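Q: Have a look at this one before I ask anything.
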Amino acid sequence: MLVMAIFDLSIGYYSWLRVIVTAVSIYLCVLTVKNNASIWLVALIPVAVVWNPFGQITMSRSAWIPYDLGGAAVLALAAFAIVRQNAKEHSPHL
């Protein structure tokens, strides 16, 4: 969703984007704490703060592009790392 935000879309898309990105960031923060991968909090908390729907940060669309792409990268990398670590911890030892 954050990658699509670089295009000219309706204001409704960007409003829902804030809610979804914040929710996903918070969810990943919870998983991070549960999996003892706290280093990801350094990246996930700023994502949740920047995209929060309540205390909105406003910038021009072109100014948001690096943030959108960076936020997408952080969420993708964090999700991959957390899922991978979780799978290692819960896999049967041979």
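Q: Helix-derived [θ] at 222 nm for the chain: sum -39500 (n - 2.57) over DSSP H runs of at least 4, divide by residue count, nearest 500? Walk me through the numbers on the way to the answer.
A: Details: 3 runs with 64 residues, N = 94.
Result for the chain, helices only: -23500 deg cm²/dmol.
Q: What translational diffusion coefficient, in µm²/s and rounded to a whole number, does the Stokes-Einstein relation yield for region 32-82 at 37 °C and a viscosity of 0.692 mPa s, taking the hydrodynamic radius as the Kirkwood radius over Cα pairs?
A: 276
Q: Filter the DSSP H helices in the chain by two things, a Kyte-Doolittle mean of at least 0.0 and an axial alpha-carbon span of 27 angstrom or more, and list the hits by number. Don't skip to the end; give the middle numbers.
A: Numbers: long enough: 11-34 (35 Å, 1.40); 61-90 (43 Å, 0.35).
Both cut-offs are met by 11-34, 61-90.
Q: Tell me the label only: which of [x] 94; [y] 102; [z] 144 is volume of the Cα convex hull per residue in Å³ as calculated from this structure?
A: Checked against the structure: label [x].
Q: Now, a different point. Taking 8 Å as the Cα distance limit and 6 or more residues as the minimum spacing, I'd like the relative contact order of the chain as a percentage.
A: 38
Q: A further question follows. Over the chain, with every protein chain in place, what whole percent of the accessible area is carbon and sulfur at 1.4 Å, could you tell me?
A: So the carbon and sulfur contribution to the accessible surface is 72 percent.
The values are calculated or read from the model by the stated rules, or taken from the named source; none is laboratory data. Please read all numbers here as calculations on a predicted model, not as lab measurements. Accessible surface is based on the protein model in full, side chains and every heavy atom, while ligands, DNA and RNA are left aside. Shrake-Rupley method; radii C 1.70, N 1.55, O 1.52, S 1.80 Å.
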